[in-house]
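Note sheet for the following structure.
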Ligand SMILES: [Fe+2]
């Protein structure tokens, strides 16, 4: 069974991602992801935990940033769900990251491995990065679509930086090198990954 808070969040995420994706590969991926989510996974029994950097959440999710109703709804459904999430620091190598990266970012898996709903086929989560911090370069096999809810820059491929802006989206094909960096404001973005084989 799925909690009402999680279902409300997933409905809001589906609406917001669907309204904002531009790349046809991202549209396909998002449709596939939310179709798979019609079947609930296993709920986590782990209590939610925050990290100190989560003090930036209030600013990052302020209604004042959003004119689009689907982004407002997503941000508010997320904050209702947030107390049940386990925020964590990224492991692995920190290539090109700011020296203060570790204590100045946090991720939370909403559905996916270690998430509030445990499953392996689909991962949806969120990243929060304090101002003036660069995230490490990284890559992963699943394709990934970002929905960005703040200012901030995103790298797709080595040294190719773009600024999607609030409501902007990015599609990362499988294995592409990518990163992100915040400016004066905290960076806040959702990601949705298709981790099951295509055609499965
Ligand atoms: Fe990624």
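The values are calculated or read from the model by the stated rules, or taken from the named source; none is laboratory data. Small disclaimer: the values here were computed from a predicted structure and weren't measured. When we count neighbours, we look across all protein chains shown, and the Cβ atoms used for this are built from the backbone with ideal geometry, even at glycine.
Numbers below:
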{"quantity": "Any hit, the stretch 20-28, residues being surrounded by 17 or more Cβ atoms within 10 Å (Cβ to Cβ), assigned to a helix (DSSP H, G or I) and in contact with a strand residue (DSSP E or B) (Cβ under 8 Å, 6 or more places away or on another chain)", "calculated": "yes"}
{"quantity": "Condition broken by residue 39, with the remaining ones in (1) modelled with pLDDT of 95 or more; (2) closer than 28 Å to residue 137 by Cα; (3) assigned to a loop (DSSP other than H, G, I, E, B) satisfied", "calculated": "(2)"}
{"quantity": "Test result for residue 196, away from the ligand (no atom under 14 Å from the Cβ) and either at pLDDT below 95 or touching a strand residue (DSSP E or B) at 6+ places or on another chain (Cβ under 6 Å) (or both)", "calculated": "yes"}
{"quantity": "Residue in the stretch 42-55 that is nearest to residue 190 (Cα to Cα), counting only those that are in a helix (DSSP H, G or I) and in contact with a helix residue (DSSP H, G or I) (Cβ under 9 Å, 6 or more places away or on another chain)", "calculated": "54"}
{"quantity": "From 108, 116, 102, residue being without any contact (Cβ under 8 Å) to a residue 60 or more places away in the chain, in contact with a helix residue (DSSP H, G or I) (Cβ under 9 Å, 6 or more places away or on another chain) and either over 16 Å from residue 185 (Cα atoms) or surrounded by 21 or more Cβ atoms within 10 Å (Cβ to Cβ) (or both)", "calculated": "108"}
{"quantity": "Some residue of the stretch 159-166 being within 11 Å of the ligand (Cβ to nearest atom), more than 20 Å from residue 37 (Cβ to Cβ) and touching a residue at least 24 places away in the same chain (Cβ under 8 Å)", "calculated": "no"}
